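Please treat every number below as a calculation from the coordinates, not as lab data. Given the structure is predicted, the values throughout are model-derived calculations rather than measurements. Note that we place each Cβ from the backbone using ideal geometry, even for glycine, and neighbour counts take in every protein chain shown.
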Amino acid sequence: MNISMKNIQKKEKIFFLALFILIFVLGFSFRLKHLNEPMRYDEAVNYLDFAVKPIHIALSFYQTPSNHLFHTLLVVISTRLMGGSEWAIRFPAFLAGLACILMVFILAKKIFNIRVALVSSAFMASSMFFILYSVNARGYTLVSFLALFGYYCLHRAVKEKQTIWWVLGILSTVLSLYTLPTMVYYYSAVCIWLFFIFFKEIKSKNFAKLKWPALFIVLTPILAFFLYLPVFLNTGISSVVAHSWVEHLAFYEMPNGLNSVFKTLIAFSMQGFYYDPYVLFLFLSPFFVIGGVYAAKTKNKEFLKFAILLFTMAFLFIFVHGVIPFPRTLIYLIPFYYILISAGIVYLSGKLSFSFFPKEKMSREILFLLLLLFTLHLILSAGINRNLTRNFYLNANCIDCEKAVNFIGELSTENESIIISWLKSYPFFYYAKRNGYTFRYGTREGLDGNFIIPSEGYNLSRFSDEHPYFSEPYLLANFSDVQIYYSKNLNRSRKS
C-alpha cells in the first residue's frame, strides 16, 4: 500500500511539474510575440529622457513619475549591453514578468500546495494586464515580482528564523520602493503584519526575537531614502511625494475616487479572458472568500492576515493621503488576489470531487482533470483571443511612427520642420533617434514648410489661422494611425 501510494505521489509530481512547464512556456510565448511591438509613449519617454542619459542624470531626475528608478537602472544596463531596440529596452520588464509566473508558483506552493500553485501561475501566465506590462518598458512587473519575492523571504524568515531571508526581505522591499514610491503601501502592510506576528514578544519585551523585525522596519526606509537622495537633491522631495501627475481630491470626493481605482483594478485583473471582466470578477469573488477560509483552516492564517492588510493599507493610504494614484501602481496586489482565488478553486473542487467520488483514486483523477481543464481554459482564453489582446496592447500607441519617420526622413530638408501631437511625439522621437534622423521641431516664419502629424480630432484649419504665412495643410501620406500633412510657406514652392 505504501509503495503504491509513493508511486501515485511520484506520478502526481511529474504530472504537475509537466503542467507547470506547459503553463510557463505558454506564458513565455504570449509575452514573446509582443516583445517587438511599436514603442509606446510612456516607455519612449522613460528611455529618451532618462535611460539614454548618463547614469548619474538618469537616477537623479524625477520630472515625471515614469522614471521608475530601479527599473531605469536595469534598462540602462540592458541597452548598454544589447543596444536600443524595442526588445532590449523592454528586456528587464520582460524578465520580471516571467519571474512573476515562477514566483507566484513558488509562493503559492509554499503557502498552500502545488495544486493552488498551478492555478495561480495559470492566472499569471494568461493575465493580459501582466502580459502587457511584461512587454512595456515600465517598472510594474518588477514591483510585482519584488512584492512576491519579498513576502516569500519574510514568510521564511519568520518560520525558519534564518538571517539570509531577513536580509533578502529587506533588500527586495527597498528595491520595490526605489522602483515605485507607492510601494510604501506594501511596506506599511508588511510592518503591521510583523507587528501582529511578534506581538507576544513585544508584550513580553523579548528583544532578542525582535531584532530582525525591528531592523526591517527601520532599515528599509533609511536605505530607500539614501537611494532617493540624488533625486531629492536635484529635483526636490516634492517631485517624488507630491508631483502634479496624480489627482488630488477633496475628502468628500475620495469615495468616488476609490471606487474608480477599485473598478480599474478589477478590469486589470480580469481583462483579456473571453468574459466581461466585471462578470468574471463576480463569478470568482466567492472563490476569493473560500480561499480565505481555506487559508485559515490550513494553518495559513498569517498569509490571510497579510493579504487583508495588503489590500486594506493600499486603499487606506490613498484615502488618508487624499491622492488618487495611477491604478496600475497597485498591480502588485493582483498576484495575491490570484493566489486566494486559486486556493478557493482548489479547495472547492477537491471537496466536490471527494463528495461525488468517495473512492480516493477516482477523486484524485477527477480533481486532476478539473484543474487541468480550468488551467488550459485560462491560458488559451488569453492566447486565442488575439483581437482583444492586440487592441489592448496597442492602446495609446503610435503603430506606424517608424514608417512616418522614414517617410519624412526621405523627403525633408534642413529648412523644414515637424509639428507633432504629444501622444505620438515620443514614439516618433524614439524612431527618429534610432534610425539616425535629426529633425527640426516647431514652426517659424522663415521655414520652407511644415510636416504636421495631428492628434485625432485636431482641427487643421486652426493651423493656418494661427500661422497665416503658411498654407492650409493638405494630406501628404496616410498610414494606419498616422496621417502626415504638409503646409508650405506661401512665399515658397509647394512640396509634391
14 Å beta-carbon shell around Tyr47, net charge (K/R +1, D/E -1)
+3
Pop a pseudo-label 7 angstrom from the Cα along the beta-carbon direction at both Tyr278 and Thr438 and give the gap in nm to one decimal.
5.3
What FRET efficiency do you get for Lys200 and Tyr469 if R0 is 56 Å and r is their Cβ-Cβ distance, rounded to the nearest 0.05?
0.10
Could you list, in their original order, any pairs among Lys33/Lys403; Lys109/Lys211; Lys53/Lys109 whose Cα atoms are separated by more than 31 Å?
Lys53/Lys109
Distance in nm between Ile77 and Val320 label points, each 7 Å along Cα→Cβ, equals 3.4
For the Lys301, Ile217 Cβ pair and Förster radius 22 Å, calculated FRET efficiency rounded to 0.05 is 0.55
Listed peptides 172-180, 433-441 by packing density, highest first (mean Cβ within 10 Å):
172-180, 433-441
Distances over 22 Å make up what percent of all Cα-Cα pairs in the range 401-488?
18
Efficiency by 1/(1 + (r/R0)^6): what FRET value for Ser285 and Leu423, r their Cβ-Cβ distance, R0 = 41 Å, to the nearest 0.05?
0.70
Identify all aspartates and glutamates with a Cα-Cα distance to Lys263 below 20 Å; exclude those on the same chain that are fewer than 8 residues away in sequence.
Glu247, Glu253, Asp276
Proximal aspartates and glutamates relative to Lys424, as straight alpha-carbon distance under 17 Å, when same-chain residues fewer than 8 apart are discounted:
Glu37, Asp42, Glu43, Asp49, Glu86, Asp400, Glu402, Glu456, Asp481
Starting from the 7 Å offset along Cα-to-Cβ, what nm value, one decimal, do you get for the label separation of Glu445 and Ile237?
5.0
Go through the range 405-422 residue by residue and turn each phi into a ³J(HN,Hα) via Karplus (6.51, -1.76, 1.60, θ = phi - 60°); whole Hz please, and just put x for glycine and proline.
4, 5, 4, 5, x, 7, 9, 6, 10, 5, 9, 10, 10, 10, 10, 9, 5, 4
Length-normalised contact order of the range 252-347 in % [C-alpha pairs under 8 Å, at least 6 apart]:
45
Could you please state, rounded to a whole Å, how far the C-alpha centre of the range 316-335 is from the C-alpha centre of the range 171-243?
17
Could you calculate the contour length gain from Asn256 to Thr413, that is, 0.36 nm times the residue separation minus the distance between their Cα atoms, to one decimal place in nm?
51.3 nm
